[in-house]
2 protein chains.
Amino acid sequence: MTEIRPGTSAAPSASAGKAKILEPTYEGDFVLSEPMSLECGRTLANPTLHYAVYGRLNAARDNAVLVCHALTGSALVGAWWPEIFAQGAVLSLEHDFVICINMLGSCYGSTGPGSVDPETGEAYGPDFPLVSIRDNVRAQAQLLDSLGIRKLRLVLGGSIGGMQALDWTILHPNRVERGLIIGVAPLGAMGLALNHLQRQAILHDPDWAEGRYLPQRPPRRGLALARQIGMISYKSAPLFEERFGRNPNRSGDDPWCVDEKGSGLIGGRFDIAGYLDLQGQRFIERFDANAYLAILRTMDTWDPLRGCSSAEEAFGRIRAQLSFVGISSDWLFPAETVREFATTIRAAGVRADYREMISAHGHDAFLAEQADLVRLLQ
Amino acid sequence: MTEIRPGTSAAPSASAGKAKILEPTYEGDFVLSEPMSLECGRTLANPTLHYAVYGRLNAARDNAVLVCHALTGSALVGAWWPEIFAQGAVLSLEHDFVICINMLGSCYGSTGPGSVDPETGEAYGPDFPLVSIRDNVRAQAQLLDSLGIRKLRLVLGGSIGGMQALDWTILHPNRVERGLIIGVAPLGAMGLALNHLQRQAILHDPDWAEGRYLPQRPPRRGLALARQIGMISYKSAPLFEERFGRNPNRSGDDPWCVDEKGSGLIGGRFDIAGYLDLQGQRFIERFDANAYLAILRTMDTWDPLRGCSSAEEAFGRIRAQLSFVGISSDWLFPAETVREFATTIRAAGVRADYREMISAHGHDAFLAEQADLVRLLQ
């Protein structure tokens, strides 16, 4: 059931240049043997999970670690989180067998809106169903079963990766020893607002074509704007102030003059605008608009307390030792919210500690300042 | 030079329902007698300033107060800031002669992108030039000259209105006794980023048509999205959390189900999304996209320190007594930034104090919590 294929380049590393990118031991696809009933009531026909592994599974099969990636990440955790594998850091290529699985809905190998729906013979497109965090965890568990892994020494992730990590400890209390949940709690109203804005940026692009866009004509401008809206929430105002301030764009624009087209309404860009434009351009070269919409929704709808009458009911089954990390300058998932979330879970009888990463970098700090994160966790 | 015309309804009051809307003593247009040379190097042919006045100018002509409106405000200060006129509050209809002048670039009566360029006989559209805050102040001074007003007891405003108020005290040091500057400093990198996002939302709308859209077919979706991006910066995360949390949209959407069109990618809205959509819809009924672009740029480019070698050079001429107000939950113009700005100006030898409005409301607090603002200023 496991197809091995050569490593492919997917999401660029957030830390490129900081640490050596690690190549996976192997990278492959796992196809679920049966149709999957989703929380939303729909069925996904035999979805594929694309995954990468690093290190070797030991004979006792008790050295497995699951890393869950963030919104637009890939299974190639060695590319986007290499410093976590540094000598004496969180993970060890010598001692651990590290698995990272691309989320359903993504465009990095697992089944998503760009995949062919076997029932129609065409890409799912906008008909791709809502796949919840729990659905992802249930599918991931089947992959681990196929690898003969019953126990996880550790499951960890930041942002939406942390949502998956926590749901692992809830849904499979006897399979997880430790959970490390970074920069996340159920999305608050401001986070839901930011996702709503991003969604609209894509939906307003005429090339989105109700989600049935041609591969050669995707909604580039809408997806680029969505990414830019996302970027302001991943970084912090102090970081932007330090890096860009009120400087004119370094490529030579003059914000005080008319723009190239002569319009007095637009003008040259400030440096922060040039930076955001570049981020948008880079993103549309690597990500798909419908996949982005799919995962935004997976993120929006995650709330382990939903439908539960108490925190005990939601979290009481957890047996793992949990650690939560808040990031001091994060305004998408504020540290205070993460701390309160950890407190709620601890009050439900779970072993849970909370640590705070002091960083000006904002939400992205767990990717951008990996060495600091490692120090915090030691 | 002063044409009196009946009051027209413009920007709806942010405090509608809280305090009685005040009708202006009169509302009219002032047309500059000569073409106006702008800071950007271009000329605006005999621009019109639309303005409203409240109360009566006394015989000594020393009871005049100038109120400068915020981004999408109008000259009708009695409609959007009525509580400032309450008994014992900041302004008095009995003792003050209050003037409020619509900004150049706006769509509420003063010359803007929707006005006819006398040189071409057509609307300026995207050719409307960059009008700086200083340009606005210079035009406003001519209007006051025409009314025989040499001295202002007070000039005040919040947000971009505060930019105008401060520039009044810099450009006309002998005409202003006091300045009250609320929730503003030169826009930082995060604020510039937010304006960049809003600008793109409009420019990406195919109906924008490079700024030459038909009056009956304006870029509604782009302008609505721009307003929504603006709204998240005018409010605070705690306010959103308290009001909307993770509730489903009160009109009945279900975020966990497929949307009406059956797409799994979109789904029902959360309450915050319904609120933002409503704000966007309301806005496109009252504001023009090119006017919005014009004033965003006026705001972006304001920086009294630009081109000055020192704060003394920028602010040393000020003779007025200044008061700055920061708003504790404002993240567009953070209170700390306003405080530092006031400190810089005080260090240049200006009489300036700083007060902080403790509010969960965010930047909009000066409009949304007027009674609290009045108490702070008493």
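Here are the numbers for this structure:
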item	result
Positions within the stretch B:44-94 being open to solvent by 50 Å² or more (accessible area, probe 1.4 Å) and without any contact (Cβ under 8 Å) to a residue 40 or more places away in the chain, in sequence order	B:58, B:59, B:60, B:87, B:94
Test result for residue A:188, open to solvent by less than 40 Å² (accessible area, probe 1.4 Å), more than 8 Å from chain B (Cβ to nearest Cβ) and more than 30 Å from residue B:303 (Cα to Cα)	no
Of all residues making up the stretch B:315-345, the number that are polar (S, T, N, Q) and over 15 Å from residue B:357 (Cβ atoms)	3
Residue that is nearest to the chain's Cα centre (by Cα), among those in the stretch A:312-333 that are open to solvent by 20 Å² or more (accessible area, probe 1.4 Å) and touching a residue at least 12 places away in the same chain (Cβ under 8 Å)	A:331
Selection within the stretch A:23-43 - of a type in the set (Gly, Ala, Ser) and loosely packed, with under 15 Cβ neighbours inside 10 Å	A:33, A:37, A:41
Among the residues listed as B:248, B:255, B:238, the single one being open to solvent by 40 Å² or more (accessible area, probe 1.4 Å), over 28 Å from residue B:155 (Cα atoms) and touching a Phe, Trp or Tyr at 6+ places or on another chain (Cβ under 7 Å)	B:248
Any chance residue A:132 is buried (at least 24 other Cβ atoms within 10 Å of the Cβ) and touching a residue at least 40 places away in the same chain (Cβ under 8 Å)	no
Per-region count, the stretch B:69-90, residues part of a loop (DSSP other than H, G, I, E, B) and under 19 Å from the mean Cα position of the chain (by Cα)	10
Single unsatisfied condition, residue A:348 versus (1) closer than 24 Å to residue A:174 by Cα; (2) open to solvent by 30 Å² or more (accessible area, probe 1.4 Å)	(2)
The stretch B:39-68 - residue that is of a type in the set (Val, Ile, Thr) and at pLDDT 95 or above and, of those, nearest to the chain's Cα centre (by Cα)	B:67
Evaluation of residue B:209 against (1) out of contact with any strand residue (DSSP E or B) (no Cβ under 6 Å at 6 or more places or on another chain); (2) among the small types (Gly, Ala, Ser); (3) open to solvent by less than 20 Å² (accessible area, probe 1.4 Å); (4) more than 12 Å from chain A (Cβ to nearest Cβ) (one fails), failing number	(3)
Qualifying residues in the stretch B:255-290 (those that are more than 9 Å from chain A (Cβ to nearest Cβ) and more than 26 Å from residue B:239 (Cβ to Cβ)) - the one modelled with the lowest pLDDT	B:260
The stretch B:290-311, residues that are part of a loop (DSSP other than H, G, I, E, B), in contact with a helix residue (DSSP H, G or I) (Cβ under 7 Å, 6 or more places away or on another chain) and free of Cβ contacts under 8 Å to residues at least 60 places away in the same chain	B:308
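The values are calculated or read from the model by the stated rules, or taken from the named source; none is laboratory data. Please read all numbers here as calculations on a predicted model, not as lab measurements. Using ideal geometry, Cβ is built from the backbone for each residue, glycine included, and neighbour counts are taken over all protein chains shown. Surface accessibility is based on the protein's heavy atoms, side chains included, excluding ligands, DNA and RNA. Shrake-Rupley method; radii C 1.70, N 1.55, O 1.52, S 1.80 Å.
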